[in-house]
1. Got at least one residue in the range 82-91 being closer than 20 Å to residue 17 by Cα, out of contact with any Cys (no Cβ under 9 Å at 6 or more places or on another chain) and part of a helix (DSSP H, G or I)?
2. Return the residue satisfying two criteria in turn: it lies in the range 101-126 and is in a loop (DSSP other than H, G, I, E, B) and surrounded by fewer than 18 Cβ atoms within 10 Å (Cβ to Cβ), and of such residues it is farthest from the chain's Cα centre (by Cα).
3. For the range 224-247, give me each residue that is surrounded by 11 or more Cβ atoms within 10 Å (Cβ to Cβ) and touching a Gly at 6+ places or on another chain (Cβ under 9 Å).
4. Taking the range 154-163 as the search range and keeping residues that are part of a helix (DSSP H, G or I) and in contact (Cβ under 8 Å) with a residue 24 or more places away in the chain, which one is nearest to residue 250 (Cα to Cα)?
5. From the set of residues in the range 275-323 that are touching a Pro at 6+ places or on another chain (Cβ under 7 Å) and β-branched (Val, Ile, Thr), which is nearest to residue 265 (Cα to Cα)?
6. Residue 57 - would you say it is in contact (Cβ under 8 Å) with a residue 40 or more places away in the chain and more than 28 Å from residue 331 (Cα to Cα)?
7. Inspect all residues belonging to the range 220-229 and state whether any of them is modelled with pLDDT of 95 or more and of a type in the set (Lys, Arg).
8. How many residues are farther than 20 Å from residue 144 by Cα and part of a strand (DSSP E or B) if we restrict to the range 267-311?
Amino acid sequence: MIDRLTHTVGANTTPTVWALLLPEAGFRSQVLGLAEAIGGNLVEKNIDLKKPWSLFPASLCPFPLLGQDPALDRLEPPWPNLVVACGRRSIPLALGIKKASGGKTMAVYVQYPIGAVRFFDLVVSMRHDGLAGPNVLVVDTAIHRITREKLAAARLEWQARFADLPRPLISVILGGRNRSFRFTPAIADTLINQLQALIATEGAGLLITPSRRTEPEIAARFKTFADTNPSSVRFWNGEGDNPYFGMLALSDALIVTEDSVSMVSEALAAGKPVATVPLAGTAKRHQAFITHLIEKGAVTRFDGTLPVKSGTVLPDDIAQAAQTIRALLAERSGA
C-alpha cells in the first residue's frame, strides 16, 4: 500500500492530464475532482466504448482504442503524461492509452478496477473496497469536486438569497432509489416529522434539495412540507439556479440520505456537522462506508435533533491523492 505521507512533489512537474469522462455523472465528478487537484494541463475527454467492446470484461477487452465511440472525443497522439479514469468502460481505454504510449503515459483509476488493479500505476480506492497493494492508495471518502475556493464563491453568490431564512440553517440533501436502496413514503414521512420537530425546538431554517434519483412521489412530499412552512423551509424544484454549492457553503449543518457515497462525502467536505438518514435496503460495502464514518465520529445518524459537529477531522484525501500522483510523475521525469 502506498504511504501517503512520504512523497514530495517535483516543483517543475507540469503534466498534461487527460480526464477520461464517461456519461455517468458520478464517474465524471470523481475523475474531474482528482484531475483538477493534480493541476497541470487538463484536457477533458468525453469517452465511451461501443459494442461489442463494451461487453468484454474490462481487463480482457481486445484493441480497446478501436472500440471508441466515434461520436465522442478522439484518443490519439500526442499522448498525455497521465490519464485519470473511473467506471468500468473507461478501464480498457485508459490501459489502451498507456500501452499505445509505450508505457510513458501513467494510468490512474478511481474506485475499484476489478480484475485490472495490477495494470494501473495507481488505484485510489475507498476503504470499504478492501484493496491493498503497492499501487493502492486507500481513502475514507469518495473523490469529488468540492473545494474551499468553490465554497467561498458559492457563499458570496447565495448568502443574500438565503438571508431571510431562520438560523440555524440546515440543508437536507435527498437521494433516491438505486440498485440497493429505496426511499419509501414511510421513510419520507418520518424524516419530515423529524424536520418539523427541528423547526419547533430549534427555530431552524431548512433548505431541501432532491437529486436526480429522488422519485416524484417522494419529492412531492417534501415540497408540500415546504409549502406549509413558507417562512422556515425552502425546496428546490429543479428550476432556476442549482443551490447545491450554496447549501454546502452556508448551512450550519447538513442532513444527507445514506444511499450515495458521493453525497455523504461532499457533505463532509463542507466542514459542517453531518447527520445521515438510512433508506430501505442494504449493501455490504456501502454499509461498511457508513459504519466506518460513524465509528470515527465523522457523521451521526439523524434523530430529529440538531446535528452536532464532531471533533474528528478526516484527512484531505483528494489533496493526498493528488500529491502522490504528482510525486510519481516527478519520479518518472527525473525531477
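The values are calculated or read from the model by the stated rules, or taken from the named source; none is laboratory data. Since the model is a prediction, treat every value here as computed from it, not as a measurement. Note that we place each Cβ from the backbone using ideal geometry, even for glycine, and neighbour counts take in every protein chain shown.
1. yes
2. In the first step, residues of the range 101-126 are kept if they are in a loop (DSSP other than H, G, I, E, B); the result is 101-105, 111-116, 120-121.
Still in the running and surrounded by fewer than 18 Cβ atoms within 10 Å (Cβ to Cβ): 101-104, 114-115.
Values: 101: 30, 102: 32, 103: 29, 104: 29, 114: 19, 115: 23 Å.
Checking each candidate, the answer is 102.
3. 232, 233, 234
4. Narrowing the range 154-163 to residues part of a helix (DSSP H, G or I): 154-158.
Next, only the ones that are in contact (Cβ under 8 Å) with a residue 24 or more places away in the chain stay: 154-155, 157-158.
Working: 154: 8, 155: 6, 157: 10, 158: 8 Å.
Filtering the range 154-163 for residues that are part of a helix (DSSP H, G or I) and in contact (Cβ under 8 Å) with a residue 24 or more places away in the chain, the one nearest to residue 250 (Cα to Cα) comes out as 155.
5. 300
6. On the way: in contact (Cβ under 8 Å) with a residue 40 or more places away in the chain: yes; more than 28 Å from residue 331 (Cα to Cα): yes.
When the stated conditions are applied, residue 57 passes them.
7. Scanning the range 220-229 turns up at least one residue that is modelled with pLDDT of 95 or more and of a type in the set (Lys, Arg).
8. The number of residues fulfilling the criteria is 5.
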